Amino acid sequence: MFDKLKSGFKGLVTKVTTTELKAESLTPILSDFKMSLAENDVAFPVADKICDDLVKRLDGVQVKRLDDRTKLVDENLRQVLLEVMLTKDSIDLLQKAQERRAKKEPLTLMFVGINGTGKTTTIAKVAKFFQDKGYSVVLAGADTYRAGSIEQLEEHARRLGVRVIKSTYGGDPAAVAFDAVSHAKAHGINVVLIDTAGRMQTNQNLMNELCKVKRVVKPDLTVFTVDSLIGNDAVMQAEEFNKAVGIDATILTKVDADVKGGSALSVTFTTQKPILFIGVGQSYKDLELFDPNRFVNMVLR
């Protein structure tokens, strides 16, 4: 994963280590590096911040030994990347689930994102995550637009041994989501996962429908799922969904196939919403809790 981003950071550390640590010497190197970041799906505002902050940190620093310089550059780059990844709010899903269970109420997550991101499969993976932690789950088939969406969700539910609350195609998504929450309350189910229609962020009618679902159900979290392979389009999608519906967190899918890695940096910095999970394969177990520290260690090792 993230091989190209790793290579870019490694090359930067090598160049900066052998350069005088002054702004006039660092700026040309970082100007080239900025383009490397952009080529690896890092949005320009994020690339600007990384390079500007690194110059501020290193300008005028005096270091005598080469190995100390390498360590210094690496540590400062690490801090800059962590600052990009840190968001105002952090989310502990299991703590939220425990708090809701203590009140005998379900934790409700509403999933949004366009078709093709792996949203429905991701919902199944999140269901498995909660099951493995001892929580009961019900799924809501509130995507009443895409042909086959309910059947796809039902197949996942069959494999996982959970129930799907559904309607007919063309039915009211908000009513389906509401019924799922009511079912969970009536039967003591801990977690409700709501699948919604995957839609282009520019389709205003369907975005309004999403807003209606959210207004009716009042989910604890609105989770945006996005394909890490689509590069800077991920940032555009995240911004549009956040503006139209309001998102609380992100799940990046298909990360196992992502050799670039810039989407993780860009989506987090742009939305200021944390990444909950990354999808790293096809099986239900292939969902990893996202840790900014681990991500930074991965791209800098």
Residue match in region 110-126 (condition: over 29 Å from MET298 (Cα atoms) and buried (at least 19 other Cβ atoms within 10 Å of the Cβ)): yes
Enumeration of residues in region 283-301 that are in contact (Cβ under 8 Å) with a residue 24 or more places away in the chain and over 25 Å from LYS88 (Cβ atoms): TYR284, LYS285, ASP286, ARG301
Leading residue by the ranking (surrounded by the most Cβ atoms within 10 Å (Cβ to Cβ)) among those in region 19-49 that are without any contact (Cβ under 8 Å) to a residue 40 or more places away in the chain and polar (S, T, N, Q): SER36
Residues within region 218-242 that are part of a strand (DSSP E or B) and surrounded by fewer than 21 Cβ atoms within 10 Å (Cβ to Cβ), tallied: 1
Test: residue in region 106-118 that is farther than 21 Å from PHE241 by Cα and modelled with pLDDT of 90 or more: yes
Sole residue being over 17 Å from LEU109 (Cα atoms) and of a type in the set (S, T, N, Q), chosen from ASN242, ASN293: ASN293
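The values are calculated or read from the model by the stated rules, or taken from the named source; none is laboratory data. Computed from a prediction, not measured in an experiment: that's the story for all the values here. Methodologically, a virtual Cβ is constructed for each residue, glycine included, from the backbone with ideal geometry; neighbour enumeration extends over all protein chains shown.
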